[in-house]
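Student: Take a look at this one; I'll ask things after.
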Amino acid sequence: MSNLKRVVLLIGVMLVSLPALAAAGSQSRASARGPLVEVVVTLDAPPLARGGHVRTLSAVQESVESRLSESVPDFAVQHRYSAVLDGLALEVPASELARLHDTPGVVGVYPSVGYHTLRSSTPGFIGAPTLWGSTLSTAGQGVKIAVLDDGLDRTHPYFRAKGYRMPPGFPKGNKAFTSAKVIVARTFAPRSPKWKYARRPFDPLNSDHATHVAGIAAGNYRTRAEGVRISGVAPKAYLGNYKVLTVPDDGFGLNGNSPEIVAGIEAAVRDGMDVINLSLGEAEIEPGRDIVALALDGAAAAGVVPVVAAGNDYEELGAGSVTSPGNSSRAITVAAESEMGPFIASFSSGGPTPLSLRMKPDVTAPGVNVLSSVPRREGLWASFNGTSMAAPHVSGAAGLLRQRHRSWTVEQIKSALVQTGRPVSVGQDEAYTTREGGGTVDLVRADTPLLFASPTGLSFGYFPPGGSAVRQVALTDAGGGGGVWTVAATFQQPAAGVSISVSPTVTVPGQLAVTAVASPAAAQAAHTGFVVLTRGTVTRRIPFWFRVEAPALASAQVTPLTRTGTYQGDTRGRPSLVASYRYPDDPSALGVSRSLLGPEQVFRVSLGRPVANFGVAVIGGVQSVEPRVVRAGDENQLIGEIGLPYVANPYLPSFGTPSPIAGATLPGAGDYDVVFDSAAPAGAGAFTFRFWIDDATPPHLKLLSARGGRLRVLATDAGSGINPRFVRLVVDGHRRPARYDAKRHVITASLRRLARGRHRFTLVASDYQEAKNMENVHRILPNTARLRAAFRVR
C-alpha cells in the first residue's frame, strides 16, 4: 500500500491540497458532503477461511450495506472480502467516518495504509535442485505462486510459456497479459489519483520489481542470462501476476493502498493460488489496525502460504526494524544473507517487531547480488540486493514443498522451513535469532523435517527481574519423527541471571512447555537462542527471544497533554531516569542520539479512541532536547520508528535527517508518554513545543501580494503548525529562499533581480506532522499545501 500522488489542477491561483480527516483512506473524488476517502470495514461474521459460510457472509454484508445506505447515503463499495476477511472496502465522505463506527454490524474501520517495494537466482544455495529430481518431476509442477507487486512482464524469456499447459479454470483476469506460464493477470488500482497505466497488469514505464521477484521464485529452468544458465527456485511453477502497486511517485516506483493489496490477497486466495509473495513493506503500525497483516493471517487460514520480506532498515534503525506486513503472525518473514558464507546481510531488518514484539524474522535466504529478470527496457537481466530478493526464494521453496507434500498445512510448511534452518553468521558467531530466525532455508532437510512445531518460534516479550513467562509448543510427527527427543536450551549471549527451563525429554506427538526465568538480580537485556531437540545425530531448533526490563519511566512524574496547542517545557532540575529507548534500538546512523544521559520531562497523552496521529515538535529554546514517544511508563516500548526524532517521510527532501519531531501514526486507544530528553546534563533547559492530535489537514496558503520585488503569502495551520524547514519556493523553475514568520503567519521572499515580464512561482509548505507521514497515511504528502501563481515584473 502506498500514498498516491494528488491530481494537480490549476485555475489561476489554486491551493493543490484537499483536507483530510482523522484515520481517512486515500483521497479520491468529492461528494456534496466533502471529499471521499477509502477505508476498509470489517464485519462480525467469520470469513470462509475460518469456517464461515457464503450465505451468512452475504447476508451480513447486505444487512450492513442497507444500514449504511440510510446513515451514509454517499458511500460506494469498492471491494467485498469474504475469503480472508469479512469486510468491505468503501469510499465514504470524510465527514461521515464517525458514522461507520456507529453502524451496527461494523466491527472495525481501517484506513488506507501505504506500502512500497523493498529493493537483490540462487536455488542451489538452499538445496532446491535436489528436490527437483533428475527429470525435474518435482520442480513445482502444478503449484501456483502469486506475486503481489508492481506487475510482471509475462513476455520475458525467463517466463517463456513453451512446454506449459494452462491449468483447468485458467487464465484469470486480463487474459491479454497471461500465458501458459503466467496464468493470472489482475490489477487493483484506486479510483484516484489517475495514472494511464494503473489498470494495466504491466506498466511499460514503471513495472520492474515484480519481474525480478517472479524470476527468483519461478523463472524457467536453465534460462541463459548474461552468459550463465539460471533457474528460479520452483522453475516449473505457474505464476500469478497481481499488480497491487499501480500509481507512480517521484522516488519509490509504483505504490498502492491497503484496500487494493487486501483485494489482491483476496483474489489470490479465490483463484486457488498456493503461495503469495509480498516483497513490499511499511513501518509497523498498531497491530490491530494493520489490515494487510490481518488479511495475510486470513490467507494462511485459507490454506495459502504467505511469504513476506523482512525489510532493509537494520543499518539505519538496528533491532526492531522488521516492517509490516512482515509482522503477520502466520506469514513466513524472510531475512537476507549473502550467498557466500553465509553471512547475514548488513541491511536485513532485525526483530522483534517493534510494536507487537513478535519473534521475527522466521527464516533467511539469499538476498545479495541476486541475478534475475528485469523488463526489456532495463536490459532483461540485473542483480539486486534486498530482502525483496530473499522472500521469493522462500516462496519458491514453499511451492516445492507444497507440490511434494499436498497434505501439509501452511503452518507445517512454515515449521519445516524454520525448524530445519542452517546457522547464519555475523563475523565469527552465529547471528541472533532476531536477525536470522531459524536460519538459512535448507530444502533437503525441510523435505524430511521429522517433526512439526507450533508455534515455529517463541517470543516471551518483556518481563521484569524476578519474573518469568511460559510458552507451550505443540509437537507433531511429520513422518518418522514420533517418539522420544532430548530437549535443551541454548543462549546466544551471556545468560547471567536468566534461564530457559524445559523438560529433558519430550515425546512426539506431545506438548513442550518452555519457561523463561529471570532472577531478581538479572540485568536488563535482550536474550536470544534456541530450544534444541535432538535424536541421535538429528537436531531441530525452535528460535526464541525475550527481554528482561525494569522500566525507569514507570516512576516518572507526568504532565497531561489533552489538546492541540503550543506548550512550554523545562528539563532543568528533573531526574535523569532513562538512557536509551527501543524498539527500534539504534537510530545513530540517522544522526539521532542512541544514548541520552541528561534529565527528561514526561508528558502523558491519553487516547479514548484510535486517531490518525499525534505528535510533538520542539520549536524553540534549547537545541539539545530530543522528543521520543513511548507507551506510557515504558521507555522500552517506543512507538516504532515514528516515535524517533527524525524525518521519516521519504517524499520530503530532508528524508532520513534528524529533526526534533516525534509522534505516532494510527495509534490505538490507550496511554502514551512523550519524553523530552537530552544527550547530557549540560543540555538541559527550557524549550517550547507544539503538540497536536488528529492532524491530517494541510496548511492554508493565500497570496497577499507579489509586487514591489517581494512575495507575501498568508500561511496558517491550526494543527501541528507550519514547519519553517519545509517551506520551499521555486520561481521559473529555480529555487529561491523563502522565510516563514510564525508570529505574523506570513511567508516572504525576495523577487528582485528578475527580468521584466511574466513569471511563475510554486510555493510548497508542509506542517510538522508531515515529517512523520510515511506510506501508512491515506496519500502522499497529505499535510502539504502548494500555491501556484503568475506575476509580472514591470
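The values are calculated or read from the model by the stated rules, or taken from the named source; none is laboratory data. Here the structure is a predicted model, which means the values were calculated and not measured. Every residue, glycine as well, gets a Cβ built from its backbone with ideal geometry; the counts of neighbours run over all protein chains shown. Ligands, DNA and RNA are excluded from the accessible area calculation, which covers all protein heavy atoms including side chains. Shrake-Rupley method; radii C 1.70, N 1.55, O 1.52, S 1.80 Å.
Student: For region 579-630, give the magnitude of the charge dipole about the Cα centre (Cβ charges: +1 Lys/Arg, -1 Asp/Glu; no others), in debye to the nearest 20. Mind showing how you got there, number by number?
Tutor: Numbers: 5 positive and 4 negative charges, 43 e Å.
Charge dipole of region 579-630: 200 debye, to the nearest 20.
Student: Sticking with this structure for a sec: On the accessible surface of region 191-339, probed at 1.4 Å, how many percent belong to carbon and sulfur atoms?
Tutor: Working: 1540 of 3480 Å².
The nonpolar share, carbon plus sulfur, comes to 44 percent.
Student: Taking each pair of distinct Cα atoms in region 639-715 once, what is the resulting Kirkwood hydrodynamic radius in Å? Please report the intermediate quantities before stating the final value.
Tutor: Working: mean 1/r = 0.0619 Å⁻¹.
After inverting the pairwise mean of 1/r, the radius is 16.1 Å.
Student: For region 499-619, build the charge dipole from Cβ charges (+1 Lys, Arg; -1 Asp, Glu) around the Cα centre, then report which of VAL506, GLY608, SER595 sits farthest towards its positive end.
Tutor: Toward the positive end, the furthest listed residue is VAL506.
Student: Charges at C-beta only: +1 for Lys and Arg, -1 for Asp and Glu. How large is the resulting dipole of the chain about its Cα centre, in Debye rounded to 20? Working shown, then result.
Tutor: Details: 80 positive and 61 negative charges, 658 e Å.
Dipole size: approximately 3160 debye.
Student: Additional query: I'd like the Kirkwood hydrodynamic radius of region 356-480, using the inverse of the mean 1/r over distinct C-alpha pairs, in Å. Could the numbers behind the result be given before it?
Tutor: On the way: mean 1/r = 0.0612 Å⁻¹.
One decimal place: 16.4 Å for the Kirkwood radius.
Student: May I pose another question? Going through region 390-440, which trypsin sites (Lys or Arg not before Pro) have at most 15 other Cβ atoms within 10 Å and a DSSP loop state? If you can, show how the numbers build up before the last one.
Tutor: Values: sites: ARG402, ARG404, ARG406, LYS414, ARG435; in loops: ARG406.
Those that pass, being in a loop and sparsely packed, are ARG406.
Student: Please tell me which of these pairs span more than 32 angstrom C-alpha to C-alpha: LYS181/LYS772; LYS181/LYS414; LYS196/LYS360; LYS172/LYS194; LYS162/LYS194; LYS360/LYS772? Present the calculation step by step, with values, prior to reporting the outcome.
Tutor: Details: LYS181/LYS772 42 Å; LYS181/LYS414 26 Å; LYS196/LYS360 38 Å; LYS172/LYS194 24 Å; LYS162/LYS194 36 Å; LYS360/LYS772 24 Å.
Violating the 32 Å Cα-Cα cut-off are LYS181/LYS772; LYS196/LYS360; LYS162/LYS194.
Student: Can you pull the percent of region 559-641's accessible area that's carbon plus sulfur, 1.4 Å probe, other chains left in place? Each step should come with its number before you reach the end.
Tutor: Numbers: 1540 of 3280 Å².
Here carbon and sulfur together make up 47 percent of the probe-accessible area.
Student: Same structure, new question: Just in region 673-763: which trypsin sites (Lys or Arg not before Pro) are loop by DSSP and have at most 13 other Cβ atoms within 10 Å?
Tutor: Numbers: sites: ARG690, LYS702, ARG707, ARG710, ARG712, ARG725, ARG728, ARG735, ARG739, LYS743, ARG744, ARG752, ARG753, ARG756, ARG758, ARG760; in loops: LYS743, ARG744, ARG752, ARG753, ARG756.
Loop-located and lightly packed - LYS743, ARG744, ARG752, ARG753, ARG756.
Student: Another one. Suppose all protein chains stay in the model; what accessible area per residue would a 1.4 Å probe give for the chain, in Å²?
Tutor: Details: 27740 Å² over 794 residues.
Solvent-accessible surface per residue comes out at 35 Å².
Student: For region 545-575, which trypsin sites (Lys or Arg not before Pro) are both in a DSSP coil and crowded by at most 15 other Cβ atoms within 10 Å?
Tutor: Values: sites: ARG547, ARG563, ARG572; in loops: ARG563, ARG572.
Within region 545-575, the qualifying trypsin sites (Lys or Arg not before Pro) (loop, at most 15 other Cβ atoms within 10 Å) are ARG563, ARG572.
Student: In addition: Hey, how much of the P(r) for the chain falls beyond 38 Å, as a percent of Cα pairs? Don't jump to the answer; show the numbers that get you there.
Tutor: Working: 129079 of 314821 pairs.
Across the chain, Cα pairs with separations above 38 Å total 41 percent.
Student: Related question: Semi-axes of region 61-117's equivalent ellipsoid from the Cα gyration tensor, sqrt of 5 times each eigenvalue, largest first, rounded to whole Å? Kindly include the intermediate steps, with their values, before the conclusion.
Tutor: Details: eigenvalues 75, 43, 21 Å².
Semi-axes (√(5λ), whole Å): 19, 15, 10.
Student: Report in % the part of the accessible area of region 471-545 that belongs to carbon and sulfur, leaving out ligands and nucleic acids; probe 1.4 Å.
Tutor: Result for region 471-545: 61 percent of the exposed heavy-atom area is carbon or sulfur.
Student: Given +1 on the Cβ of Lys and Arg, -1 on the Cβ of Asp and Glu, and no further charges, what dipole in debye does region 158-269 carry about its Cα centre, rounded to the nearest 20?
Tutor: Numbers: 17 positive and 7 negative charges, 140 e Å.
Computed about the Cα centre, the dipole is about 680 debye.
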